[in-house]
Amino acid sequence: MMRLPKFEYRAARSVAEALDWMGEFSGAVDKDPSARAMLMAGGTDVLPNMKQRIFTPQVIVGLRAIPELRGMVYDPAQGLRIGAGVPLNELATAPLVREHYPALAIAAEAISTPQLREMGTIGGNLCLDTRCNYYNQSEFWRKAREYCLKKGSEICRVAPNGTGCYAVSSCDTAPVLIAFGATVRIASREGDRIAPVRDLYHDDGIHPVRLHAGEVLTDIYLPALADGWRSTYEKYRVRGSFDFPIAGVAAAARFDDAICTEARLVLQAVTTHPLPLPEAEALLIGQRWTPELIEAAAGIAYKSAHPMDNTSGTIALRRRIVKAYTRRALEKLVA
Ligand SMILES: Cc1cc2nc3c(=O)[nH]c(=O)nc-3n(C[C@H](O)[C@H](O)[C@H](O)COP(=O)(O)OP(=O)(O)OC[C@H]3O[C@@H](n4cnc5c(N)ncnc54)[C@H](O)[C@@H]3O)c2cc1C
Ligand code: SF4
């Protein structure tokens, strides 16, 4: 049995208190292996990673008891505000999410297991660490194989001649929120800022989430969608009952009399960040979607996806799945 290391747990009662406590630890960086303090919401990723000694914080600042982070408010003119602490189960089952943003409910429902969805939050999902077969292992395994660049060594075991880490972005809600054009509110001791979800991520498998040290993600805002929007999320995983994605496709499009007026396509789990497909989107906009057009868009998805050999499934399989699931997602939107 893997045990948790010793750590101090502080349950913050407000965002300000969480920021103050994180600020006490100079140099504390979320998910940095050397972090002295880490935020924790549901703990469904933090705690398993601590058991594997991937995260080794001395202090955990808990966000569960912060009322400001809870609740959802929908306004037909403004859209939907979701507190970062809202559990995934609530998102998956809320009638207003299912009605107005169905792809978000589909993605939330496809994450882990019912018990973990009860604990896991959307904020924690958006800030999820990237994953790799050489990283998400016990301390014993990683030491025996020799550590990798993401933790403990100078060399990436997947691409020893590469310059970075290629661990994959695996958070299922992120591509969907990007497809909806969502933004997030980020609180820091200097004040709040709003950023598009798309800008939260970049091409760095070691520090995949662009949050400054100690910042707290507090809210997610989905814009109000005009009539005619449809959306879906297709996820490929090894175990159908629960598993991280090894290929995901978020698709959202608006139709006016069967002509597509707006389209968004975002791949997940094929690189270090969710991957928008502007070329495929441009192809679909202004068109009546025929099987040939859908096939051409799926072909662009295939060409754009360049996964590394660091999750389950071969590279060739994951690329073929990307093509098939893009086709399937687009067919669902026109069905
Ligand atoms: C068996 C298993 C299967 C899983 N399958 C999936 C899956 O299929 N898809 C998937 O997406 N995830 C999966 N997960 C991962 C996880 O359960 C979810 O991503 C969940 O949403 C994480 O939320 P949490 O609140 O538990 O995050 P936590 O574990 O509490 O935190 C995760 C990260 O986010 C940071 N964080 C949390 N809240 C905030 C905040 N408000 N502001 C700033 N930083 C914050 C933490 O510091 C940490 O770095 C799985 C986990 C397990 C154990
Ligand atoms: S991609 Fe390379 S550096 Fe990144 S976690 Fe995997 S082996 Fe480590």
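Would you compute, from DSSP H runs of 4+ residues alone, the mean residue ellipticity of the chain at 222 nm, taking -39500 (n - 2.57) per run and dividing by the full residue count, rounded to the nearest 500? Provide the component values of the computation, followed by the final result.
Numbers: 12 runs with 101 residues, N = 335.
After summing the helix terms and dividing by the residues of the chain, the value is -8500 deg cm²/dmol.
Based only on other Cβ atoms within 10 Å, what is the fewest-to-most ordering of 241, 304, 138? Could the numbers behind the result be given before it?
Numbers: 241 7, 304 20, 138 13.
Fewest-to-most ranking of 241, 304, 138: 241, 138, 304.
When the Karplus curve 6.51 cos²θ - 1.76 cosθ + 1.60 is applied with θ = phi - 60°, which whole-Hz ³J(HN,Hα) does each residue of the range 265-278 get, with x for Gly and Pro?
9, 9, 8, 10, 6, 10, 7, 6, 8, x, 10, x, 10, x
Cβ under 12 Å from residue 111's Cβ, residue 111 left aside: what net charge do those residues give with Lys, Arg +1 and Asp, Glu -1? List each step's numbers first, then the result.
Numbers: positive: 117, 235, 237; negative: 45, 109, 118, 172, 243.
Net of charged neighbours comes to -2.
Just going by the charge dipole of the range 1-109, with Lys and Arg at +1 and Asp and Glu at -1 on Cβ, which of 76, 103, 12 is farthest out on the positive end?
Positive-end residue among those listed: 12.
Cα gyration tensor of the chain, axes a ≥ b ≥ c as square roots of the eigenvalues: rounded (a/c below 1.5), prolate (a/b > b/c) or oblate? List each step's numbers first, then the result.
Working: a/c = 2.03, a/b = 1.29, b/c = 1.57.
In terms of gyration-tensor shape, oblate.
Using a ≥ b ≥ c from the Cα gyration tensor of the range 41-106 (square roots of the eigenvalues), is it rounded, prolate or oblate, where a/c under 1.5 gives rounded and otherwise the larger of a/b and b/c decides, a/b for prolate? It would help to have the intermediate numbers written out before the result.
On the way: a/c = 3.76, a/b = 2.10, b/c = 1.79.
The shape class here is prolate.
List every residue whose amide H lies under 5 Å from the amide H of residue 217, counting only residues 5 or more places away in sequence or on a different chain, with H placed 1.01 Å from N in the peptide plane.
Hits under the 5 Å cutoff: 187.
Pull out a ≥ b ≥ c, the square roots of the eigenvalues of the alpha-carbon gyration tensor of the range 229-334, then state rounded if a/c is under 1.5, prolate if not and a/b is larger than b/c, and oblate in the remaining case.
Working: a/c = 2.23, a/b = 1.84, b/c = 1.21.
Since a/c reaches 1.5 and a/b is larger than b/c, the shape of the range 229-334 is classed as prolate.
Loop-only check: which GluC sites (Glu not before Pro) in the range 35-127 are DSSP coil with at most 14 other Cβ within 10 angstrom? It would help to have the intermediate numbers written out before the result.
Values: sites: 68, 90, 99, 109, 118; in loops: none.
Here no loop site has a sparse enough neighbourhood.
I'd like the Karplus ³J(HN,Hα) series for the range 284-300: coefficients 6.51, -1.76, 1.60, θ = phi - 60°, whole numbers in Hz, and an x wherever there's a Gly or Pro.
Along the range 284-300, the couplings run 7, 6, x, 10, 8, 6, 9, x, 5, 5, 4, 4, 5, 5, 5, x, 5 Hz.
Distance between Cα centroids, the range 262-335 to the range 120-138: provide it in whole Å.
Going from one Cα centre to the other spans 23 Å.
Check residue 201: other-chain or 5+ apart residues with amide H under 5 Å from its amide H, H built from backbone geometry?
210
³J(HN,Hα) across the range 37-48 via Karplus (A = 6.51, B = -1.76, C = 1.60, θ = phi - 60°), whole Hz, x for Gly/Pro?
With coefficients 6.51, -1.76 and 1.60, one gets 9, 9, 7, 9, 9, x, x, 6, 10, 4, 5, x Hz.
Here, each number is a calculation from the coordinates, and none is a lab measurement. Just so we're clear, the structure is a prediction, and the values are computed from it rather than from any experiment. A quick note on method: Cβ atoms are made from the backbone with ideal geometry, for glycine too, and the neighbour counts reach across all protein chains shown.
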